[in-house]
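Here the structure is laid out as structure tokens; the discussion comes afterwards.
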Amino acid sequence: MKHYEVEILDAKTKDKLCFLDKVGNIFTFIFTLYPQWYPARQSIRLDPKGKSLKDEDVLQHLPVGTTATFYFRDLGAQISWVTVFLTEYAGPLLIYLMFYFRVPFIYAPKYDFTTSKHWVVHLACMCHSFHYVKRLLETLFVHRFSHGTMPLRNIFKNCTYYWGFAAWMAYYINHPLYTPPIYGEQQIRLALIVFLFCQIGNFSIHIALRNLRPPGSKTRKIPYPTKNPFTWIFLLVSCPNYTYELGSWLGFTLMTQCLPVAAFTLVGFIQMTVWAKGKHRSYLKEFRDYPTLRSPILPFIL
Amino acid sequence: MNRLTHSQKTRVCFPPLTLMQMTNPLCTGTMASGEEDRTVEEKETNNKKRTKGAIATAWLTFYNIAMTAGWLVLAVAMVRYYLQKGTHKGLYKNIARTLTFFQTFALLEKYRDFRCCFWCFKGIVRTSVIVIGVQVCSRIFMVWFITNSIRQIQNEESVILFVVVWTITEITRHSFYTFNLLNHLPYFIKWARYNMFIVMYPLGLIGELLTIHAALPYVRRSGMYSLRLPNKYNVSFDYYYFLIIVMLSYIPLFPQLYFHMLRQRRRVLHGEIVVEKDE
């Protein structure tokens with residue numbers, strides 16, 4: 001029986017110095033030789049243009065003969081997902097509050113530190129802040145990430161997007177010349193219900209996805225509806241967290257009746273659709289018995 | 001245009017002609033000449049490829065001939081006007097319609113190129129696509145939103161400057177493509193295409209920037225294309241500041257375009273010199 005193990009023995013004493021049976025061991029080994037390439041930024045593959053091997057791949061199970069050639073690629077400076085998420089979510093939270101409290105140099109001086117006379121503006125601030133606080137807490141306590149890191153330049157790209165849009169939205173919603181929604185209280189009430197419903201839904205989905213995966217593992221399973229009614233949407237959709245996220249922002253758009261918010265919702269929707277389609281495709285590829293009724297993000301439509 | 005499958009697109013595709021040499025065997029309408037398949041997988045018939053290549057080449061040739069003719073007409077019209085009237089005042093108004101038509105028609109070429117390039121070379125030439133896209137957008141923007149909309153600046157010298165620059169550049173470019181597609185490229189046209197831009201681009205830049213700058217006071221006074229608060233959409237747009245941002249954006253974007261062309265020039269002209277040495 002073929003047996004692949006790489007042992008590194010001390011030449012004199014024949015003591016086992018190091019034992020490589022998983023790809024992850026190779027990462028550590030290279031790291032000791034080249035300290036500037038920490039394991040997170042290493043990519044090792046069997047084919048120069050192929051997919052990266054994962055940390056936990058066992059060397060014995062790789063499709064190689066008696067000798068194997070691995071190709072190395074430096075992925076560039078990496079940053080952890082948690083760091084990126086925390087930074088990109090803390091920004092909008094603080095920026096919006098700056099506009100809400102009308103910090104000087106944003107609006108005309110006579111409006112500094114005043115508050116809006118429309119109650120919908122206060123409500124919008126609460127909703128917006130609640131949304132980002134929820135995201136921050138989820139990043140810290142709920143999400144389980146499959147990859148630890150992403151390329152460093154992503155943090156600049158992502159932060160520009162989130163912070164830029166937050167500033168653009170907040171400027172108009174908290175403007176002294178803000179116009180409240182046309183249909184008044186009815187519109188705001190409906191919007192609030194939609195928003196809260198989708199926030200709870202989004203949270204339920206995150207909890208359900210977390211429970212799919214035991215702590216520390218990286219197993220992948222098909223998500224199914226649980227006892228929580230908000231998860232029943234799993235019957236129709238592969239990525240209901242994105243569906244609920246879209247719903248929340250539609251609610252917020254309706255609540256504030258602000259074109260920049262609508263623009264943000266649209267751009268977010270496009271991005272989430274791309275992600276949902278990718279996820280849906282990888283589910284279909286990975287699981288033979290994947291439910292056929294499900295759509296990526298919008299039931300039956302998209 | 002024929003419906004090409006993705007695999008076919010990788011072989012019979014028409015990238016922005018400003019960035020890929022028409023003689024590039026990987027991506028050209030003249031597939032008939034380069035039969036060696038770079039991509040290995042499919043087993044399509046060579047005939048099908050050849051026919052599609054021939055149709056595409058014919059369309060491209062016709063398109064470039066038409067554009068060359070159009071810009072030539074424009075050049076002749078401008079010269080005639082100047083000779084008759086002795087002044088450039090009123091010249092823009094005279095040629096405005098023709099200019100708008102041909103400049104907008106160029107969008108067609110760019111859109112198709114953009115789509116094709118997006119599918120063919122995702123990631124590889126993406127920066128070039130963006131750069132070319134920016135150039136096209138800026139041209140359309142100048143014509144539709146500056147000179148056609150703001151009557152008062154139409155008699156500025158800077159307008160004549162950039163129109164002349166565009167005319168010369170476009171005639172050179174389209175005649176280059178035409179002769180290239182017909183495989184009878186005279187050296188002087190190739191020389192012109194890859195050398196005149198060195199002077200034309202900066203001149204065009206100056207013309208465009210001066211025009212926008214001249215337009216600013218009129219924009220501010222009339223408040224055109226602007227939306228003020230309060231309004232029911234809770235958004236505002238100030239065309240005046242938008243124009244200032246546009247002017248500032250020339251600073252990072254123009255060098256990219258310029259150096260891109262310089263790199264093309266080096267590749268084309270110096271690549272040729274290497275071949276000659278071998279012989």
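The residues neighbouring A:Thr243, those whose beta-carbon lies less than 15 Å from its own, together hold a net charge of +2 under the Lys/Arg +1, Asp/Glu -1 convention.
Counting only other chains, and only Cβ atoms inside 10 Å, what mean value do you get across the residues of B:222-231?
Numbers: counts 0, 0, 0, 0, 0, 1, 1, 6, 5, 3.
For this peptide, the per-residue mean of nearby foreign Cβ atoms is 2.
Exposure proxy shown here: for A:Met126, B:Met261, the number of other Cβ atoms within 10 Å sets the order, fewest to most, as A:Met126, B:Met261. The long axis of helix A:119-141 is offset from the longest Cα principal axis of chain A by roughly 10 degrees.
What is the magnitude of the charge dipole of the protein assembly as shown about its Cα centre, with +1 placed on the Cβ of each Lys and Arg, -1 on the Cβ of each Asp and Glu, and no other charges, expressed in debye to the nearest 20? List each step's numbers first, then the result.
Values: 65 positive and 34 negative charges, 177 e Å.
Using Cβ point charges on Lys, Arg, Asp and Glu, the protein assembly as shown gives about 860 debye.
If one computes the Cα centroid of the stretch A:185-203 and of the stretch A:22-99, what distance in Å separates the two points? The two parts, judged by their Cα centres, are 40 Å apart.
Close lysine pairs were tallied over the stretch A:181-301: pairs 8 or more places apart or on different chains with Cα atoms under 18 Å apart number 6.
Ranking B:Trp144, A:Trp81, B:Trp166 by Cβ neighbours within 10 Å, fewest first, what do you get? Could the numbers behind the result be given before it?
Working: B:Trp144 13, A:Trp81 17, B:Trp166 22.
In increasing order of surrounding Cβ atoms, one gets B:Trp144, A:Trp81, B:Trp166.
Taking the centroid of alpha carbons for each part, the stretch A:214-264 and the stretch B:205-219 are 48 Å apart. At full extension, A:Arg144 and A:Lys277 could sit 45.8 nm farther apart than now, given 0.36 nm per residue minus the alpha carbon distance. Overall form of the protein assembly as shown: oblate. Here a/c, set by the Cα gyration tensor axes a ≥ b ≥ c, is 1.5 or more, and a/b is not larger than b/c. With K and R counted +1 and D and E -1, the other residues having a Cβ less than 11 Å from that of A:Arg102 yield a net charge of 0. Dividing the helix sum by the residues of chain A, where each DSSP H run of 4 or more adds -39500 (n - 2.57), gives a mean residue ellipticity at 222 nm of -17000 deg cm²/dmol. Within straight cross-link reach of B:Lys48, meaning Cα distance under 26 Å, which lysines are found once same-chain residues fewer than 8 apart are removed? Of all the lysines, those that pass the test against B:Lys48 - Cα under 26 Å, at least 8 places apart if same chain - are B:Lys9, B:Lys110, B:Lys122.
Across the stretch A:5-76, how many lysine pairs separated by 8 or more positions, or lying on different chains, have Cα atoms within less than 23 Å? Intermediate results must be reported in sequence, preceding the final value.
Values: A:Lys14/A:Lys22; A:Lys22/A:Lys49; A:Lys22/A:Lys51; A:Lys22/A:Lys54.
Summing the qualifying lysine pairs gives 4.
Taken together, the values in this text are just the output of simple stated rules run on the coordinates, not laboratory data. Because the structure is a prediction, the values reported are computed rather than measured. Note that each Cβ is placed from the backbone with ideal geometry, even for glycine, and that neighbours are counted across all protein chains shown.
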